[in-house]
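Data first, discussion second: the structure below is written as structure tokens.
The values are calculated or read from the model by the stated rules, or taken from the named source; none is laboratory data. Just so you know, these numbers come straight off a predicted model, no measurement behind them. Don't worry about glycine lacking a Cβ; one is built from the backbone with ideal geometry, like all the others, and counts go over all protein chains shown.
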Amino acid sequence: MAPRADAARNAESLISAARELFDEQGSDVALDDIARRAGVGNATLYRHFPTRGDLLVAVYAEEVAELCEQGKTLLHKPSAADALFDWLDCFVVHVATKRALAMGATDGRRTELFDRWHEAMRSAALGLLLRAQQEGAIRSDLDVADLLALTRAVAMTGAGPGHAQRLLRILRHGLQV
């Protein structure tokens, strides 16, 4: 049986409020603040998400789904290389800003859930990479694991978004044919 409409709406409101507050204050924000922002009581929050970890998983799952959806959308961009690097730019921002959320959602361990999220992102990158390689825009000897490792390294420099974008441009120059 499908959840009642108000229950589904409450869950979405809680996830939306949590995303906003996690972005503003970090993933240690008080759960009471999330319930308040969502316009629901604490009992409603705990009915949907019995633990902070459950809420972190729901929020991070949405973040990954949005990132992967961007990849699907970009597959239709005329320039395959531009599509790939537009997505990699989003990936850099994701890694740089959502790492703590991912660690919280998986208790800092490699889990089946973590592997599923990683596979979804790998699949999004692979589709874009293969298209760019088929167009002859990107080196044919590059595989998706190397591409994501290089891009994660760019994201982890911690030198700010301007520096990360510069590094991504250098990476693009080195990978283009």
Practice item. Could you check how many residues of the stretch 49-58 are out of contact with any helix residue (DSSP H, G or I) (no Cβ under 7 Å at 6 or more places or on another chain) and either buried (at least 17 other Cβ atoms within 10 Å of the Cβ) or hydroxyl-bearing (Ser, Thr, Tyr) (or both)? Key: 1
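Tell me, which helices (runs of 4 or more DSSP H) wholly within the stretch 1-48 include 3 or more residues that are out of contact with any helix residue (DSSP H, G or I) (no Cβ under 7 Å at 6 or more places or on another chain) and of a type in the set (Gly, Ala, Ser)? Outline the logic, then answer.
Numbers: elements: 5-25, 31-38, 42-48.
Passing ranges, in order: 5-25.
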Review point. Among the residues of the stretch 82-120, which ones are within 23 Å of Arg131 (Cα to Cα), small (Gly, Ala, Ser) and surrounded by 21 or more Cβ atoms within 10 Å (Cβ to Cβ)?
Key: Ala83
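Considering the stretch 130-177 alone, what residues qualify as being outside any helix (DSSP H, G or I), of a type in the set (Gly, Ala, Ser) and loosely packed, with under 13 Cβ neighbours inside 10 Å?
Gly136, Ser140, Gly158, Ala159, Gly160
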Exercise for review: Within the stretch 20-40, count every residue that is surrounded by fewer than 19 Cβ atoms within 10 Å (Cβ to Cβ) and either within 23 Å of the chain's Cα centre (by Cα) or among the polar types (S, T, N, Q) (or both).
Suggested key: 10
Practice item. Just need a number here: residues in the stretch 132-175 that are modelled with pLDDT of 95 or more and small (Gly, Ala, Ser). Key: 6
